[in-house]
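A short reminder: the numbers here are calculations on the coordinates, not readings from a lab. Keep in mind that this is a model prediction, so the values were computed, not measured. FYI the Cβ positions are ideal-geometry reconstructions off the backbone, even for glycines, and counts take in every protein chain you see.
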Amino acid sequence: MDQRVTVAIIEDHPVVTEGVASWIRSDPGQRVMLVHTARDLAMLTGVAADVVILDLELSGELVTAQIPELVAGGYRVVAFSGHTDPAIVMDTLDSGAHAYVSKDEGREHLVEAVLAAAADRPYVTRSQARAMLADERAARPALSEQERQALLLWFQGMSKASVGRRMAISENTVRQYISRARAKYAATGRTAPSKDALLARAIEDGVIKASEIAPYRSFARGPDDRPG
Amino acid sequence: MTSVRQTPDQASPGPASQGPASRASASRASAARVQPTALMSARYQRAFTLAVMFLVIGWHLAGAGGQLLRDRPEFPSFAFQGLMWVVMALAIAVGSALVLRGAPGWGLAWAVVLIMLVASTAASVATPASQLLALNWAWGSAGWTGVLMLLRRRFTELAAYLAVLAGATFGVQVWDGLNRLDLAGFLAVLAWSTGAQVAVAALVRALDVAAGQAAAAARREDAARERAATAEIIRAARQARKLVLQEGAVPLVAELAAGTADPGDPRVRARCAVQAARLRRLLAESDEVTGALVHELHASADMAERRGVAVEIETAGALPQVPGPARRVITDAAIAIMTAARSHARITLATVLSESATVLSESTVLSESTVLSESTVLSERTVAAGIAVSFVADTGASVLLPLAGDGVVIDHQQDGGLLWAEARWTSG
């Protein structure tokens, strides 16, 4: 019985696909199994995989708009992109991607992000933290002082242990703050089954209380929300 | 090398730059973009309010006042009628002042219109019974004042007021003994005057909505213009970047391809790391319209890079302008840390929010008729009021950091060989 997480890569540059495959292979625990690689989204049809690593730019086109379709198809999406523009990061997460890993962060974070996504758990890279800190949209969720500070220190480049020492809290609490900020984002904007799954898991894990997110959800839902 | 690195800097907006860069610098902060459109919508609404105000004042002075003077001999007590006229004039003056200061609250608006109602009814009671409709000068003034005071409140409030006002006049007539002719007259005046008042109120409401839409359209146009200017900056920066690549990354890749550089050699790997960091920074330069502080930090990063240190610089949020003296404290810290960095460093700039700052913000409820008056209210919102510049570098031993001052607070923490330091500047 294989308990490994299955993953598909959609990436138009073979050298990048090769690099990602080598990170997956070199994972000491061999926790992820690469089952499929494709150069475009059409080549994914019929493939069973827990997580899709999606290059956001395929043949020169941004494919953020296709994420909801992937999510509706039951895939968990981890975006892997050369872009670091906060607006693109936000749009990607809002579209239902579980996590955003910039290409510079790949070696350190991609496999971990895939594993977190497979479990519907939040994974916040520095580029994601940056996008949350830069978010000035009116409909952004309200982050607490502590959540903002944890995000800021994490973005600045500290390890989570250092962030904990800086804030005089445990490393675990740092993770809790960052995950809660991410969960609040999952509760805003467009609706997507992946965001619901993240939220449900966060509530189950005790990261956030249902009462903490209810007002944001009702505020964010508008008439032009996508179905499902 | 140095001369080539100047080029992207010139492409970004500095005080001396021209063309697309300076156009984009005009709308650097997003907050600055929201203000004019909200103001524009507010300005239109104020113009409509002024129009109604002049209508009311004109009506009371010329219409009601003129009629009162003309019919002067007909009243049993002209002095009482004159007193009522003065009371109403004072109420209109107070009401106008309130409206000019912004939409008055429920209590004040209704206090003014109730004074008008009472004065108007009293004037009617003191008018000879048979000539009530012919001589009545007060009803119109009271009605128009209601329009002015209740213009941006719920429409039902104005309707209720006008109904009570008409009811009061009608009641006086009934009390005096109503005949069929009087009833016809009353209905005619009601249709004329109240009809006109309702029509004006409805017109102003429609214009309010149009003004809101115009402001929203202007804002969209503004955003499109800014995008175009930014695209131009990016194009210029891309050209400059290509030149920088020719200097560093291209020869390195050529050596790797030719096999003259060995990827197993730590020195080659260090060169790769430096070039990779430089490429990332060059790419990031297009992300934000940067200011003087970012350029100064880039300069200190260049210095470290020449020693073989890989430096990345990232920003989060629309950064505020930092005054010269504070900037110097921050760059002194940057130089101290970059000099001590051994192989890698990360510099970040993030906006720091302040709860006390206020900004004009346009509410998103322009189309809902019930909350029109809130479409341009001043609302409290957090805005960037400061900046946190942080450094993480493998400095090994501790670094002598400059003293805090000029509004900059410096903080640091050593974790093994890694130094974290933060210089935080807040305005005011």
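The mean number of Cβ atoms from other chains found within 10 Å of a Cβ in peptide A:129-138 is 5, as a whole number.
Looking at the stretch A:1-113 only, what percent of DSSP beta bridges run antiparallel? Nearest 5 please. The partial results should precede the final answer.
Details: 2 of 21 bridges.
In the stretch A:1-113, approximately 10 percent of DSSP beta bridges are antiparallel ones.
In units of the rule-of-thumb radius 2.2 N^0.38 Å, the stretch B:61-132 shows an alpha carbon radius of gyration of 1.24.
Normalised by the residues of the stretch B:90-198, what does the relative contact order come to in percent, with Cα pairs under 8 Å and at least six apart? Display every interim value, and only then the final one.
Numbers: 78 pairs, mean separation 31.5, N = 109.
Relative contact order, the stretch B:90-198: 29 percent.
Note on the stretch A:8-165: percent of Cα-Cα distances in each 10 Å bin, starting at 0 and stopping at the bin with the largest distance, equals 11, 40, 35, 13, 1. Using Cβ point charges alone (K and R +1, D and E -1), the dipole size of the stretch B:33-150 about the Cα centre works out to roughly 500 debye. Between B:Leu279 and A:Arg4, the FRET efficiency from the beta-carbon distance, with R0 = 30 Å, is close to 0.30.
What FRET efficiency do you get for B:Arg46 and A:Ala48 if R0 is 60 Å and r is their Cβ-Cβ distance, rounded to the nearest 0.05?
On the way: r = 63 Å, r/R0 = 1.05.
For R0 = 60 Å, the calculated efficiency reads 0.45.
For B:Lys242, the aspartates and glutamates whose Cα falls under 18 Å of its own Cα, not counting residues fewer than eight places away in the same chain, are B:Asp9, B:Glu232, B:Glu285, B:Asp287, B:Asp302. Using bins of 10 Å that start at zero, the share of Cα-Cα pairs per bin across the stretch A:7-92 amounts to 17, 52, 29, 3, in whole %.
Computed on the Cα atoms alone, the convex hull of the stretch A:79-175 gives a volume of 99 cubic angstrom per residue. Straight-distance candidates among the lysines for linking to A:Lys184, with alpha-carbon spacing under 29 Å and chain neighbours fewer than 8 residues away dropped: A:Lys103, A:Lys160, A:Lys195, A:Lys209.
Once you have a ≥ b ≥ c as the square roots of the Cα gyration tensor eigenvalues for the stretch A:1-46, tell me rounded if a/c is under 1.5, and otherwise prolate or oblate according to whether a/b is larger than b/c. Kindly include the intermediate steps, with their values, before the conclusion.
Numbers: a/c = 4.54, a/b = 1.37, b/c = 3.33.
The shape class here is oblate.
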